[in-house]
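S.K.: Take this structure, written in structure tokens, and hold onto it; I'll ask about it next.
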Amino acid sequence: QDEGAAAGADEAAVPTVAAGGAPSPAEPAKFRVVRCYAAANDPGTIVDRFTVGEYATRRGADEAARAEVGAMPEFRDWAEDRFEGRGPPYRSADGPPELVAGEDEHVEIRVVDLEEEEAAERRDLEEARASKPPASPAKVAPAADGDGGSAAAAAAVGDSKPPSRSFGRTTEEIVVDANLFARNPCRIPGGTSRHPRAYPNYHKGKGSFGFLIQRLSDRNYAMRALCLDGHGARYNTYKKRGVNYISVVWYPPTNLNDHADDATVVDGCHLDLIDPDDGKTCLTGPVLESVVRGAARPAECVFLNGAESNRHSVIGADDIARAVGACEASLKCVSLTECKLDARLLAALARCGGLRGIIVENCQLWGDRDADRPSDDGLARVLRSCPELRWVFVKSSLFSARCWEALDSEGVCPRLEVLWVDAPVHTEERVDAARGDHDTIRSALEKRAGTLKLCMINPDGENESRYVVGGGDGTDRLNGRARTEEEMEAVRMMQDFHRKKSADANYVNT
């Protein structure tokens, strides 16, 4: 995922120790020593928090906190005298002014009473669950599409007049709903409902891990709104400080707040399913298949975040294929973000003849043999086999020549309205070129000028499409751009490095 989806944390598992310092697993931990960081200009906001250890007694915790002070450079040369006879907390901000003035951040060593902390966390979680969603645009009724939508969606949008369907970028305010997932606990077993501050960068708003998952969730429901209820598709973008990519925010007319109890939606793209300590998903194949088969109503939408950037995540491509197979007759929308993807899963999707929307982003291409691995042939077969597709969003090298040939064929995806393909190829001479024959791509897109409402091809650094249907001069950038001499030299140096490394490895292996 564009932020690097894993919710990594540096906390280590430390054995419970007694007052004397020896490990004592039989004694329950009652206190935790934590090291907290805050910006010097905002000392009240903790930006990072790491566990030093957990202890059975307050005395053991106090001794560990004092030892941690002695190990931290922020406290060097002054803390021993300053904190003589004092217990925690210990703050680097209490140091000599001439040292503190030059620091960008402050460190605090605390001792936390686990029972008190757990009680406070329960209170905070209950408040988050009881919170109201932030102000958002008035809900609107679906536009006439000829095939209706679910009763849940109709009830959610009320009786307001149908809007004109709008597509593309908007300047609408970007709203962080920090309590979205706490307010709407995941219905898939295995997850744990937590206060959103348990996840990285909670204080950063749009830069938080929770907002990343909100954006993925909102995109899923934007797809659902278009495919099932006939709405348009609107988005906005923003760029976080210190990064070189654009983040996209979608504006679904109904989202998780409206569909938390919708039995037709199997929502595995949920914060509850992610371990905040290491970013792995709690989602497993047997549980997913059980939820799909046991749903009160046939599943129309399956949204999954497989968290494959974390090596401990266990849900496999075959697991997802079995779940898709269990609802192939009813499935309308599927979202696969950071999932394992193999040939069998693509074949399962191709059997879903009523599929209207698909998202494939940052998936791990999986398979021990060539026949098992996914290919652009397999994805092209999905396009050819699902004539009801309205939304296709693929961020993967899989979208290549065969997919464009499929879209250039008569009768393939005649109702396609949203096409977002991010699959550039980089060579020694050029970067950001489109995969496949460029004339075929132009033909496939131009013949859909009357039906495509949102078309994004290999978005650039400003999230502008590298091909504009019906555009003028400068709107066809399918061939990317030529590398500079400096870039080409860097590529050659990297190739030489890898060749030498490979030769050395072969010699050692021999």
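The values are calculated or read from the model by the stated rules, or taken from the named source; none is laboratory data. Keep in mind the model is a prediction, meaning the values are calculated, not measured. Note that we place each Cβ from the backbone using ideal geometry, even for glycine, and neighbour counts take in every protein chain shown. These area figures cover heavy atoms from the full protein model, side chains too; ligands, DNA and RNA do not enter into them. Shrake-Rupley method; radii C 1.70, N 1.55, O 1.52, S 1.80 Å.
S.K.: Test of understanding: among 404, 420, which residue is outside any loop (DSSP other than H, G, I, E, B), at pLDDT 95 or above, under 20 Å from the mean Cα position of the chain (by Cα) and buried (at least 16 other Cβ atoms within 10 Å of the Cβ)?
M.R.: 420
S.K.: Scan (1) open to solvent by 20 Å² or more (accessible area, probe 1.4 Å); (2) touching an Asp or Glu at 6+ places or on another chain (Cβ under 9 Å); (3) modelled with pLDDT of 95 or more for the single condition residue 364 breaks and write down its number.
M.R.: (3)
S.K.: Turning to a different aspect of this structure: I'd like the full set of residues that are free of Cβ contacts under 8 Å to residues at least 40 places away in the same chain and under 13 Å from residue 480 (Cα atoms), limited to region 438-451. I'd like the intermediate steps shown before the answer.
M.R.: Just the residues of region 438-451 that are free of Cβ contacts under 8 Å to residues at least 40 places away in the same chain, to begin with: 439-443, 445-447, 449-451.
Within region 438-451, no residue meets the criteria.
S.K.: Here are 434, 490, 482: which of them is modelled with pLDDT of 90 or more and farther than 26 Å from residue 379 by Cα?
M.R.: Every option except 482 fails the conditions.
S.K.: So, one more: Restricting to region 89-111, count the residues that are part of a helix (DSSP H, G or I) and either loosely packed, with under 15 Cβ neighbours inside 10 Å or aliphatic (A, V, I, L, M) (or both).
M.R.: Here is the first cut: in region 89-111, the ones part of a helix (DSSP H, G or I) are 92-94, 97-100.
Checking which are either loosely packed, with under 15 Cβ neighbours inside 10 Å or aliphatic (A, V, I, L, M) (or both) leaves us with 93, 97-100.
Total meeting the criteria: 5.
S.K.: Here is a further query. Restricting to region 65-87, count the residues that are open to solvent by less than 20 Å² (accessible area, probe 1.4 Å) and within 10 Å of residue 111 (Cα to Cα).
M.R.: 1
S.K.: Separate question: Quick one: what pairs do we get from region 401-426, first residue among the β-branched types (Val, Ile, Thr), second part of a loop (DSSP other than H, G, I, E, B), C-beta under 6 Å, 6+ apart or different chains?
M.R.: Qualifying pairs under 6 Å: 421/399; 425/435.
S.K.: Scan region 211-239 for residues that are buried (at least 21 other Cβ atoms within 10 Å of the Cβ) and either closer than 13 Å to residue 273 by Cβ or at pLDDT below 95 (or both) and jot them down.
M.R.: Within region 211-239, 213, 216, 217 meet the criteria.
S.K.: In region 288-326, how many are open to solvent by 40 Å² or more (accessible area, probe 1.4 Å), of a type outside the set (S, T, N, Q) and under 21 Å from the mean Cα position of the chain (by Cα)?
M.R.: Final tally of qualifying residues: 3.
S.K.: Identify, from the list 478, 454, the residue that is closer than 16 Å to residue 434 by Cβ, open to solvent by less than 80 Å² (accessible area, probe 1.4 Å), in contact (Cβ under 8 Å) with a residue 12 or more places away in the chain and under 29 Å from the mean Cα position of the chain (by Cα).
M.R.: The match here is 478.
S.K.: Pick from region 48-57 the residues that are in contact (Cβ under 8 Å) with a residue 40 or more places away in the chain and either open to solvent by 40 Å² or more (accessible area, probe 1.4 Å) or over 22 Å from residue 199 (Cβ atoms) (or both): which of them is nearest to the chain's Cα centre (by Cα)?
M.R.: Only one residue fits best here, namely 54.
S.K.: If you don't mind, there's one more thing I want to ask. If you scan region 240-260, which residues turn out to be of a type in the set (Ser, Thr, Tyr) and either assigned to a loop (DSSP other than H, G, I, E, B) or open to solvent by 40 Å² or more (accessible area, probe 1.4 Å) (or both)?
M.R.: 245, 251, 254
S.K.: Right, something else. If I filter region 424-451 down to residues being assigned to a loop (DSSP other than H, G, I, E, B) and under 29 Å from the mean Cα position of the chain (by Cα), which single residue comes out as farthest from residue 488 (Cα to Cα)?
M.R.: Restricting to residues being assigned to a loop (DSSP other than H, G, I, E, B) and under 29 Å from the mean Cα position of the chain (by Cα), the top hit is 436.
S.K.: Sort out which residues of region 423-451 are closer than 19 Å to residue 463 by Cα and surrounded by fewer than 17 Cβ atoms within 10 Å (Cβ to Cβ), and write them in order of number.
M.R.: 425, 426, 431, listed by residue number.
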